Every structure is written in C-alpha cells, then in structure tokens.
1. By how many nm would the segment from Ala258 to Gln304 grow when fully extended, if each residue of separation counts as 0.36 nm and the alpha-carbon distance is taken off?
2. Taking θ as phi - 60°, what are the ³J(HN,Hα) couplings along the range 256-272 by the Karplus curve (6.51, -1.76, 1.60), each to the nearest whole Hz, with x for Gly and Pro?
3. Work out the FRET efficiency for Ile194 and Arg241 from their Cβ-Cβ distance, taking R0 = 30 Å, and round it to the nearest 0.05.
4. In whole percent, what relative contact order does the chain give with Cα contacts below 8 Å and a gap of six or more residues?
5. So for the range 70-109, considering every pair of alpha-carbon atoms, how many percent are separated by more than 17 Å?
6. If packing is taken as the average count of other Cβ atoms within 10 Å, what order do 124-134, 60-70 fall into, highest mean first?
7. Per DSSP H run of n ≥ 4, the term is -39500 (n - 2.57); total these for the chain, divide by its residue number, and report the mean residue ellipticity at 222 nm rounded to 500 deg cm²/dmol.
8. How long is the gain from Thr2 to Arg286 if the chain were fully straight, where each residue apart is worth 0.36 nm and the alpha carbon distance is subtracted?
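Read-outs throughout are calculated quantities, based only on the coordinates presented, and are distinct from any laboratory measurement. These numbers come from a predicted model, not from an experiment. We place every Cβ from the backbone using ideal geometry, glycine too, and count neighbours over all the protein chains shown.
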Amino acid sequence: MTLLLAPMEGLLDFVLRDVLTRVGGVDRCVSEFIRITGSLLPDKVFLRYLPELAHGGRTLTGVPVRAQLLGSDPASMADNAARLASLGAEGIDLNFGCPAKTVNRHGGGAALLREPDRIAAVVAAVRRAVPAHLPVSAKMRLGYDDASLARDCARAMAQGGACELVVHARTKVDGYRPPAYWELIPAIRAAVRIPVVANGEIWTVQDALRCRSVSGCDALMLGRGMVADPGLALAIRAHDRGQPAAVLPWAALLPHMARFWDLVCENLEPRQRAGRLKQWLNLLRRRYPQAQLAFDEVRVMTEQRAISAWVQQTLDSAG
C-alpha cells in the first residue's frame, strides 16, 4: 500500500509537509503547484515552493517530494520540468485538476480536462524533457462539467508517458463538496495500464477502507483529512497490520504544532503567520475537541510574540 500526501495551495505547503512527515506514515509528497505561464522560472521560485530541493528532493525525515507543475503550453512546461530535474527534483507531477477560476480562465488545471489531446501534448513534452529515470506523474479530476471524458483524459496522460495517475474523484464543478465519487475510478483504472491513486474525502480510517474497496486502488492520496488528523496515515497502516487504529493523542501533537509555528515564523511573511496557525487549528477541530478551545484562544491574537507565548504555555501545560 502507498500513501501519498496531497498538495493544497495555501494550506499543505512545505511547512506542513515537514511537520506531517515527521508524524509519519507517508510514502511520498507532492509540492503545491508551480504555475508556468510561458517563461523559464528562476531557481529561487522553485526553491520557494520546494525548499526540499536543497536536501535531495526529500523532507528532512527523508520522504520524497515530487514537484508539481501547472500550465498548458507544452514547450514552457517542458523547459521548466527540465530545469527542476537539473535541480534534483525527485520527480515531476502535472496538475490537471485545479478548480480555481483564475487558473481555469487561462487554460490551466481542470480546464484541460475538456481537451484530452492538449493533455497528451503537455505530458509528452515533459516526458521527453526530463531524464528517463525521473518519474512523471499526473493528477486529474473526473472532468470539468461531468465525467464523460474521464477515461479519454486518463488515456491521454498514460499515452503521453505518465507513470502514475492520481484521480480526485470529483469534477471541477463539484469543487470540494462531498461526496467523492470513488465508484467512477474503476472505469479509469480499466482504461490505463499505469498505477491509479484514489483521492478525495478520505477523513478517517473507515473512509480509507471504503475508498480502497470501492475504487479498487491500493494507493491513496490524503489531503485535508491528514491535516485534520495528522496521525491518519499511521492509523491506516496500524489497521492494515491488525492493530488498533488510534488517534494521535493531542499531547503528542503539540510538539509538532510548536515546530509548525517555528517554521511559519522563520519562513513566511509576518502578515501570514497568525492566519496559518488559525487555519490549521480550524481543521484540527474536526478530530480534536481540544483544538476547539485552542482555536478560540488564538482566534483573537494577531501578534507573533503573544502567539509564541501561547504555544509555549500550551506545550508546557501538556508536559
């Protein structure tokens, strides 16, 4: 079984990648999408999205991170993929699933799911541009308005040279509204001869088991569910070993939260810092009753010094 950590713009970035891979259970990560609009980006942009490039393309705990590119121009995508390869990327992932209006308006992300031929051209150009040993994977949704072209798009990715396909089991129009239509994934699996990974609405161990059963996929990609329950991957693995799938205790999570806050303060702009902690606590409320109290206390704070004192006090009281 393979468990992947999803990219989520503005949420699941290199800071949370570091923290969640320290908790454990994740086999591989994917970076937030790097948008390609027609020029070769400077190295500093790649390093901003993927600081793991300075560590062999891996997090500090050794988990590989694949660089994700989003764009619609084959030549530009190929040039930037080649540069990432030279910088030591673990692999290249191509985004054909982003539902954001600004991205789709310029022909990127899920907008390409209406044009399988263009998808094939992008994938093939990237595959030719990077060394043969470097994996090139892709992520798609079921479609734009509906799932009528899902198999055609999957075949276009596979024929273009993708070695793996992640399927977020919703359309662009569905956005992030539940449910995820895992039952549509088997038809996509049957259409291609490459591994298919299921993604969407996996919040609990029970969700993971149902997703695997319905989709037929052994490999899963965890997104918001892993952010809300950082021990989810470990719990899934424990269940597969026949062991109790317990939730990571709140007290065990607090040192990771302290590291998260340190990394936020070291790497993000001051105006972003308080919001990032509140954002994570907001999601943690789905799994931890203690996160509700923490969120209520932090919600009114804006100064870094006050939040740092709160983090330290919370950590000390739990110890």
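1. Working: separation 46, 0.36 × 46 = 16.56 nm, distance 1.30 nm.
The span from Ala258 to Gln304 would gain 15.3 nm if fully extended.
2. Karplus-based 3J(HN,Hα) across the range 256-272 equals 5, 5, 5, 5, 4, 5, 4, 5, 4, 5, 7, 10, 10, 5, x, 5, 8 Hz.
3. Values: r = 28 Å, r/R0 = 0.93.
Calculated transfer efficiency: 0.60.
4. Numbers: 600 pairs, mean separation 44.8, N = 319.
Computed over the chain, the figure is 14 percent.
5. Values: 281 of 780 pairs.
Of all Cα-Cα distances in the range 70-109, 36 percent exceed 17 Å.
6. On the way: 124-134: 16.8, 60-70: 20.8.
Output ranking for 124-134, 60-70: 60-70, 124-134.
7. Numbers: 14 runs with 150 residues, N = 319.
Rounded to the nearest 500, the figure is -14000 deg cm²/dmol.
8. On the way: separation 284, 0.36 × 284 = 102.24 nm, distance 2.45 nm.
Here the segment from Thr2 to Arg286 would lengthen by 99.8 nm.
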